[in-house]
Every structure is written in C-alpha cells, then in structure tokens.
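Notes for the one structure printed next.
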Amino acid sequence: MSQAMKAAWRTRRFWLLTLAAALAVGGTFSLGQWQLRRAAQKEAQQAAIEAQEVLPALDNPALIASKNIADLTYRPARLTGAWRPAQTVYLDNRPMHGKPGFWVLTPLVLEGSTQAIVVQRGWVPRDFSDRSRLPEVLTPSGLVTVQGRIAPPPSRLYAFKGADLGPIRQNLDIGAFAAETGLPLLGASLLQTGAASEGLLRDWPAANLGVDKHHGYAFQWFGLCALLVILYVWFQLILPLGLYRRAKRPT
C-alpha cells in the first residue's frame, strides 16, 4: 500500500471515529439531560403531593361536591358511611414488611349520598396452608368514620384471565367493579390510615416517586459521556501526536 493510500485511510478512519464519538457523546449527554428533566418533573410532583398532605381533611360534602376527584389525590379525608362487607375484595400478592398477604378493599357508602368509595382498609397475612381461605377481618356495622387520604386505585399486577373474579383477585378496576356491584363508585379510593385494627395493618409506605433514581441515572450517563470524551482526546489526538513527534525526531 502506497504512502498516499495509507494517509487517505488514516484520514478516513479519523473522521469516521470522530463522527462515531460525536454521536455517542451527544447521545449520552442527551440521555443525562433527559434524566435530569424527569427528576425535575418528579420533584414537582412530590412538592404537589406534600402540599396536598397538609390541607384540611375532606368530609363527605366536600368530597361529593368535587368535580374532579383526581385533583384531590393524597389529600387527607375523614369520611362517614356504611360498609358493604359483601363486596369486600382481597387483592393477592401484596406484601407488607416483606411478608406476602392481601390488601383488603371494601366499598363505603357515604352518609347523605348514594355514592360510594372503595377503601383500601389495610393488609392481612395469607394462610399458607389454604390459599383459598379468606382471612378474618372485622367489619363494623352501621355508620363508621374512616380516616385516610385520597389515593389512586390500587396498582395493577399481571393477572391471568379470570383472576379478577371472586373475593380473591389480583387487581381491581373501579369502573368494572362499579358495574359488577351496582354501586356508584367514585373514581378514586381512600387509603385508610391509623393504627392497626379490625385485624388489619396499615403501615403503608410513604409516597416515593424515585427522584434519586433519576439523579443516579443522570450521573451515570454524564460519566459515560465524559469517559468517551477523554478516550477520544487521548487516542485520537494526544497519542497520535506523540507518535508523530517521536517519528520526526532525528536518529
């Protein structure tokens, strides 16, 4: 191969590697910025949650009068009504403190209204000797007052067809449950808080949107970006320049 062809190949390789490095640096830097934007969004959401949590507790009239219950998510509530124990649902595979068990959900018909809300009443361990056995949960009759906070519907898990029928289920879709029970359910739930009672634990985890996770991912992407720049400068600029200077030295 002639010297001209070698020089042309080195030039072509230099620009190809430069283009590849530019794309990699730009991509990793953009991904780091995207993670920072996601962190900022989550921080804003966390601030909104904390602002809701310090508002006065909702009562029945305030909740019923709300035009969009989703705007009340995470706000404290103190509701009075009557349980519908026949419609109690046990959501399976819902751990607490690392132990498997059920989340117990029961509709509460609000006093002074025909409307009802699904209450996430608490957690109860499962019976390992009999998977289909329902745990004992006390459900008071008559009017009760339940304290908690407005929450989204329970998170969904993967479920096979037919797994969302009967008292033990994987998930609960509020719209479908309203049609099934004939109850005019509100589009959110009440996460009951307070000390353990009625055979239920209520050590719910605090709302955590994972802001630190996005900061960690951003650090990794920016670190990879910096590493690519350092490797490019070393292998494409500094090292070839040193070799060129040594080749030019008189022998």
Which one of these is at pLDDT 95 or above and surrounded by 13 or more Cβ atoms within 10 Å (Cβ to Cβ): LEU191, LEU186, LEU172, LEU228? LEU191
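So which of THR80, THR18 is touching a residue at least 60 places away in the same chain (Cβ under 8 Å), surrounded by 12 or more Cβ atoms within 10 Å (Cβ to Cβ) and in a helix (DSSP H, G or I)?
Working: THR80 fails: in a helix (DSSP H, G or I).
Sole residue among the options that is touching a residue at least 60 places away in the same chain (Cβ under 8 Å), surrounded by 12 or more Cβ atoms within 10 Å (Cβ to Cβ) and in a helix (DSSP H, G or I): THR18.
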Quick one: which of LEU228, LEU186 is touching a helix residue (DSSP H, G or I) at 6+ places or on another chain (Cβ under 8 Å) and under 26 Å from ILE69 (Cβ atoms)? LEU186
Segment 173-207: number of residues that are in contact (Cβ under 8 Å) with a residue 40 or more places away in the chain and at positive phi: 3
Any idea which of VAL211, VAL144, VAL124 is surrounded by 18 or more Cβ atoms within 10 Å (Cβ to Cβ) and either under 21 Å from LEU110 (Cβ atoms) or in contact (Cβ under 8 Å) with a residue 40 or more places away in the chain (or both)? VAL124
Considering segment 83-136 alone, what residues qualify as being more than 17 Å from LEU200 (Cα to Cα), part of a loop (DSSP other than H, G, I, E, B) and hydrophobic (A, V, I, L, M, F, W, C)? PHE128
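Being of a type in the set (D, E, K, R) and at pLDDT 95 or above is true for just one of ARG94, ARG84. Which residue is that?
Details: ARG94 fails: at pLDDT 95 or above.
Answer to the selection: ARG84.
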Tell me whether segment 53-64 contains one or more residues that are in contact with a strand residue (DSSP E or B) (Cβ under 7 Å, 6 or more places away or on another chain), buried (at least 17 other Cβ atoms within 10 Å of the Cβ), in contact (Cβ under 8 Å) with a residue 60 or more places away in the chain and not in a helix (DSSP H, G or I). yes
Restricting the search to segment 19-51, which residues are touching a helix residue (DSSP H, G or I) at 6+ places or on another chain (Cβ under 7 Å) and of a type in the set (Val, Ile, Thr)? VAL25, THR28
Output yes when any residue across segment 147-164 is modelled with pLDDT of 90 or more and charged (D, E, K, R), and no when none is. yes
Working only within segment 21-52, note down all residues that are of a type in the set (Val, Ile, Thr) and touching a strand residue (DSSP E or B) at 6+ places or on another chain (Cβ under 9 Å). none
Taking GLN170 and the conditions (1) farther than 18 Å from ALA77 by Cβ; (2) over 28 Å from the mean Cα position of the chain (by Cα); (3) polar (S, T, N, Q), which numbered condition does it fall short on, given that it satisfies the others? (2)
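Taking segment 21-52 as the region of interest, how many residues are among the aliphatic types (A, V, I, L, M) and without any contact (Cβ under 8 Å) to a residue 40 or more places away in the chain? Break it down into steps so the answer makes sense when it comes.
Let us first name the residues in segment 21-52 that are among the aliphatic types (A, V, I, L, M), namely 21-25, 31, 36, 39-40, 44, 47-49, 51.
Checking the rest, the ones that are also without any contact (Cβ under 8 Å) to a residue 40 or more places away in the chain come to 22-23, 40, 44, 47-48, 51.
Of the residues in that region, 7 qualify.
The values are calculated or read from the model by the stated rules, or taken from the named source; none is laboratory data. Only a predicted model underlies this, so the values are computations on that prediction, with no experimental measurement involved. Using ideal geometry, Cβ is built from the backbone for each residue, glycine included, and neighbour counts are taken over all protein chains shown.
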